[in-house]
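**Student:** So that we are looking at the same thing, I have put the structure below in structure tokens.
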Amino acid sequence: MTTQALPDGVDTAFLTAALRRSGLPGRVRDVSVLRAFPTILSHIFRLRLDYEGDAAGLPETLLLKAGLPERAGGPWMGGRHEVAFYATVAAATPSGLIPRCYDSHWDPRTGAWRLLLEDLTESHRIATPWPLPPELADAEAIVRARAGFHAAWWNHPRLGAGVGEWLDEAGMEQWLQGLAEKYARFAEEAGDGLSGAQRDLYARLLEAAPRLLGRYHSHAHMTVIQGDSHVWNCFLPKQAGGGAMLFDWDSWSANVATIDLAYMMALHWYPELRRERESHLLDVYHAELLARGVHGYDRRALQDDYRLSVLWQITTPIQQHSFGIPPVIWWNNLERVHMAARDLDCRALLG
């Protein structure tokens with residue numbers, strides 16, 4: 001138990017109303033904070049709820065995720081974006097793939113936001129402490145969970161029409177201009193720690209980007225991706241027979257599915273482990289897509305998309321740097337993803 005105060009507006013009346021909107025009729029008598037801790041981009045509260053009368057079928061604990069006050073209204077809009085995910089995508093996603101959400105709110109005046117989520121602490125676990133890679137069996141479970149979610153939104157008619165948005169060529173040109181400006185600041189701070197070969201690859205990628213973005217503009221074989229899809233954003237069941245659950249959706253978008261896979265493996269795993277697992281996990285992922293009803297997307301298409309996604313992932317450390325994420329994260333990601341791009345000969349995609 002902790003003495004950490006709850007955010008403004010989170011009290012027994014709020015919790016009772018949130019549960020009732022979700023079809024649970026209990027009345028919350030008291031709420032306490034079991035644990036509270038900040039992450040880089042948010043604050044997490046684990047809540048214990050006590051009810052008046054019969055509490056059968058009601059959650060004993062919930063997770064409250066809220067924004068950090070110092071980031072309200074800042075350049076990172078992930079909280080607003082995650083609230084939008086639970087209001088649109090989660091509500092239309094089959095159960096068992098993501099935690100249940102009981103309340104989502106973003107205040108356009110202040111930038112404050114919150115999410116009230118199902119607490120899976122007792123039934124699920126994280127694969128490993130960051131930054132250790134998972135066991136192979138856990139990695140397989142994670143890519144199957146990703147395939148299950150991706151398949152649910154594969155070529156969905158709502159993509160870009162209420163669920164995410166498609167950037168047109170003008171919007172993409174603006175995005176590329178922003179990326180070039182972020183890269184200039186990134187390269188200046190990295191100094192000669194950024195090698196000549198790495199600088200050349202970035203220059204060539206920015207030059208070839210309009211052509212490479214033809215894959216995005218095709219809108220073919222697209223889905224909802226998580227974006228921040230590392231293995232620690234997945235809950236694995238503690239007991240056999242349960243399903244893995246994906247969480248942290250502040251970077252979601254409509255895009256190519258392999259972005260999530262490249263982020264998980266190429267950005268976060270060192271070469272020996274990645275080379276050992278990469279092809280096998282892509283096989284596992286593809287088999288699960290097929291089992292979930294995805295058609296017309298063969299293993300070669302998956303490989304081609306994955307290779308292109310690895311190339312684009314070299315821009316992720318630039319974005320992380322621009323968000324103020326510390327160098328202990330973006331510097332290691334930078335080195336790993338460039339090694340992956342060399343292994344897969346991603347430079348050849350630039351022509």
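What follows draws every value from the coordinates through simple rules; no lab data is involved. Being a predicted model, the structure only gives us computed values, none of them experimental. Here Cβ is always computed from backbone atoms with ideal geometry, including for glycine, and neighbour counts include all displayed protein chains.
**Student:** Answer rounded, prolate or oblate for segment 183-274, using the Cα gyration tensor with square roots of eigenvalues a ≥ b ≥ c: rounded when a/c is under 1.5, else prolate when a/b is larger than b/c, else oblate.
**Tutor:** Since a/c reaches 1.5 but b/c is at least a/b, the shape of segment 183-274 is classed as oblate.
**Student:** Measure out, as a whole number of angstrom, how far apart the alpha-carbon centroids of segment 297-314 and segment 131-190 sit.
**Tutor:** Here the two parts' Cα centres lie 13 Å apart.
**Student:** Starting from the Cα-Cα distance between residue 125 and residue 342, subtract it from 0.36 nm times their residue separation and give me the gain in nm to one decimal.
**Tutor:** Extra length from residue 125 to residue 342 when fully extended: 74.7 nm.
**Student:** Grab the other residues whose beta carbon is less than 9 angstrom from that of residue 210, score K and R as +1, D and E as -1, and report the net.
**Tutor:** -2
**Student:** Starting from the Cα of residue 192, step 7 Å along the direction of its Cβ; do the same at residue 30; then give the gap between the two resulting points in nm.
**Tutor:** Rounded to a tenth, the inter-label distance reads 6.5 nm.
**Student:** If Lys and Arg each add +1 and Asp and Glu each add -1, what is the summed charge of the other residues whose beta carbon sits under 11 Å from the beta carbon of residue 45?
**Tutor:** With Lys, Arg at +1 and Asp, Glu at -1, the net is +4.
**Student:** Just to be sure I understand: with springs between alpha-carbon atoms less than 10 Å apart, which residue in 92, 56, 187 has the highest mean-square fluctuation in the Gaussian network model of the chain?
**Tutor:** Per the Cα network of the chain with a 10 Å cutoff, 56 tops the list.
**Student:** Continuing with this model, one more query. Quickly work out the residue 238-to-residue 132 label distance, labels modelled 7 Å from Cα along the C-beta direction, and quote it in nm with one decimal.
**Tutor:** Roughly 1.8 nm, to one decimal.
**Student:** Here is a follow-up. If R₀ is 22 angstrom, what is the calculated FRET efficiency for the pair residue 319 and residue 207, using the beta carbon separation as r and rounding to 0.05?
**Tutor:** Numbers: r = 19 Å, r/R0 = 0.87.
Plugging the Cβ-Cβ distance into 1/(1 + (r/R0)^6) gives 0.70.
**Student:** 7 Å from Cα along Cα→Cβ at both residue 329 and residue 220: what's the point-to-point distance in nm?
**Tutor:** It is 3.6 nm.
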